[in-house]
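Notes for the one structure printed next.
Coordinate-derived values only; no laboratory data. These numbers come from a predicted model, not from an experiment. Backbone-built Cβ (ideal geometry, glycine too); neighbour counts: all protein chains shown.
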Amino acid sequence: MTWLISDEARKHRAFREVWVAYLLGGLYLLLGLYTEISEQNYSVLYDARQKWNFVQQNIYSYGATLTAFLLAVGLPRLVCCEKEYRTDDLVGTAALGRRYTWRAKTAFTVLYCAVVVFIIGAASLLVNGGAFGFEGALSSVAGCVYFADTALPPMSNLAYCAIQYGFLFLGALYFAGFILIVAALTRRTALSLFLCGGSYLLFFAYSAVGPQLPELLRVPIDTLYRFGFGGYLLQESYSWVFPYLWSDVWKPVLLGIGMILLEFFLFWRIWRRKAKA
């Protein structure tokens, strides 16, 4: 199984668009970090609580979009390459070829999501925290963007940031499952990239202009947003139960895990059917 995952990793590294995405993603991350530090001037204008509050919002500012971009570019060809290279018939030559290939692609997807989120999170915490010397890192978190201030359990600012990136990892898996399904259905890399990237951009646009829409449109779209990968990537789905208490966070987490499992099951069903076609 390990060598199959390594094969998927080698395929991934061979895709030219992946290296272009890494380059553009790296530049976008550097721009986001530079803007964050230069505009807020951590060392002068704000106290420790406000500094960590800004760090917490980096996921919404650039972390979620960068994660979605790297997933939307890096994963579709992983599913479509056998069809595009006309080697898909070889997948079914072995008795368990389809199943083992599906497992390898699924395992690589999970690892890829973990690496993307870890790099973005580590860069954000190290660069932004280093800008103000990690002042107050181990102090109790006093406020956050997504939950009522009085609802948070005792934890440090650094621990809460780590938990947020755990939430981002869950959202990344949610979006990755959607990408795998779309790629398995279309079997075309460019079309899958367009559909998946466009879907995220629509969710991102709604997060900014949603409250301005008429209620007749806003209610169904908001439901789709909150229960879909858009709200999970942008962290807003974790506080969708008013009055946004931390004690209710298990509900969206459990829902997200259930949706991810459903997506990977559907990916298996589609993958097996398409491989037989």
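With each label modelled as a point 7 angstrom along the Cα→C-beta vector, the Asp7-Ser247 pair spans 5.2 nm. Each peptide in 62-75, 18-31 receives the mean, over its residues, of other Cβ atoms within 10 Å, and ordering these scores from highest gives 62-75, 18-31.
Coupling constants for the stretch 9-21 follow from the phi torsions by the Karplus curve (6.51 cos²θ - 1.76 cosθ + 1.60, θ = phi - 60°), and in residue order they are 5, 5, 4, 4, 5, 7, 7, 5, 5, 5, 5, 5, 5 Hz; glycine and proline get x. Please find the FRET efficiency linking Trp19 to Arg103, where r is the Cβ-Cβ separation and R0 is fixed at 25 Å, and quote it to the nearest 0.05. Approximately 0.45, to the nearest 0.05.
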